[in-house]
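The block underneath contains the structure these notes are about, expressed in structure tokens.
Read-outs: derived from the displayed coordinates by stated rules, not from any lab. This is a predicted model, so every value here is computed, not measured. Cβ placement follows ideal geometry from the backbone for every residue including glycine, while neighbour counts extend to all protein chains displayed.
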């Protein structure tokens, strides 16, 4: 199968795999793929993906670019090929976003030849997919359930009620929760490699932050980058006046400190100081 991630990795092999996908879809005209790419938001709820250009498609498939395409470009190209093949009767079904984890895993392997790539879960059966069928869950809805290891669960649960709530959402396949769990785990320098399968699933479900991290960190999330992302999540949770969520902000700031962001310790101090000073308030547990 084209999505068999066990084939030899490497940039050239990856470009050949993209060409094989294109051939298997009966080589649709580049302009048709470009047209489909303009509607990925309507078709799959993927507004984060780039539109394709005929020149860009040609350059990638011809191997004329020095670097491999981005994770977002690959997702866009795969979805457009599959869709066009189904529309023209070349394929009996459109797997939609279910095929993307395998392609993201293959892209990562191509960027790091020789490294072990966690095998992606197989996509669900798509033979019955037809007009009017939902080809992907709406934005914000859970995707396929994800199993975390006991060690991963223990680490995230150690962040308290907010960590345990994240685990429940991540286990159900919530893309944003998977991204956040990956960030929390990634602030531990020894666990960067564990973040890749989680980021692949989150990216396949349409999370733009996960797509960015896969492009920037193909070998696993760097602790410093994870700490930066955790700090941003803490800032987001702490903003909003009355709507601010200090407990959630503490979770991400603590993770940021673990990843080396010492300025997050000051943010933690400020949150606890304001909580202790509030009328009738007390510091979060």
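Over region 11-111, Cα pairs under 8 Å with separation of 6+ residues give a relative contact order of 34 percent. The translational diffusion coefficient of region 20-79, from Stokes-Einstein at 10 °C and 1.306 mPa s with a Kirkwood hydrodynamic radius over alpha carbon pairs, comes to 134 µm²/s.
As a length-normalised measure over Cα pairs under 8 Å and 6 or more apart, the relative contact order of region 150-277 settles at 20 percent.
Peptides 221-227, 160-166, 268-274 ranked from most to least packed by the mean count of surrounding Cβ atoms within 10 Å: 221-227, 160-166, 268-274.
The fewest-to-most ranking of 25, 81 by surrounding Cβ atoms within 10 Å reads 25, 81. Pair-distance distribution P(r) for region 11-111, from all Cα-Cα distances in 10 Å bins starting at 0: 16, 54, 29, 1 percent.
Sorted largest first, the spans of the alpha carbon positions of region 150-277 along the three principal axes are 43, 28, 27 Å.
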